Amino acid sequence: MIVDVNLGTGTTGFDVARFACKLHPQLPVVYVSGQTSEASFKAFGVPGSLFLPKPFLPSELLERIRMLVGDNGSE
């Protein structure tokens, strides 16, 4: 799952990921945000997840995904 932390008022990306991980505990999660700090991610992110601050390059997102699920060697 790739989820933005800031989804407007109410539910956050942290909430969405926690709910999804209750349904699928092994779900890999990458949080993205232009406003959330690394400290906030560490406090509220699900275990084993990664954080990517905005703005980012597509290659940086791909690298985070590979870190979580591995690289099968294909592009």
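Please indicate, with yes or no, whether at least one residue in segment 38-46 is under 11 Å from the mean Cα position of the chain (by Cα), at pLDDT below 95 and of a type in the set (Gly, Ala, Ser). Yes: segment 38-46 contains one or more residues that are under 11 Å from the mean Cα position of the chain (by Cα), at pLDDT below 95 and of a type in the set (Gly, Ala, Ser). Cβ separations smaller than 6 Å between residues 6+ apart or across chains give the following pairs from segment 17-28 residues that are in contact (Cβ under 8 Å) with a residue 24 or more places away in the chain and under 9 Å from residue 1 (Cα atoms) to residues that are β-branched (Val, Ile, Thr) and loosely packed, with under 15 Cβ neighbours inside 10 Å: 28/69. For segment 29-66, filtered to residues that are among the charged types (D, E, K, R) and surrounded by fewer than 18 Cβ atoms within 10 Å (Cβ to Cβ), the residue that is nearest to residue 1 (Cα to Cα) is 66.
Count of segment 36-61 residues, restricted to those that are of a type outside the set (A, V, I, L, M, F, W, C) and under 23 Å from residue 26 (Cβ atoms), is 5. If you go through segment 1-28 and keep only what is surrounded by fewer than 17 Cβ atoms within 10 Å (Cβ to Cβ), in contact with a helix residue (DSSP H, G or I) (Cβ under 8 Å, 6 or more places away or on another chain) and at pLDDT 95 or above, you end up with 1, 2, 4, 27.
Considering every residue within segment 40-55, establish whether at least one is of a type in the set (Lys, Arg) and assigned to a loop (DSSP other than H, G, I, E, B). Yes, some residue in segment 40-55 is of a type in the set (Lys, Arg) and assigned to a loop (DSSP other than H, G, I, E, B).
The values are calculated or read from the model by the stated rules, or taken from the named source; none is laboratory data. Quick caveat: nothing in here was measured; it's all calculated off a predicted structure. Every residue, glycine as well, gets a Cβ built from its backbone with ideal geometry; the counts of neighbours run over all protein chains shown.
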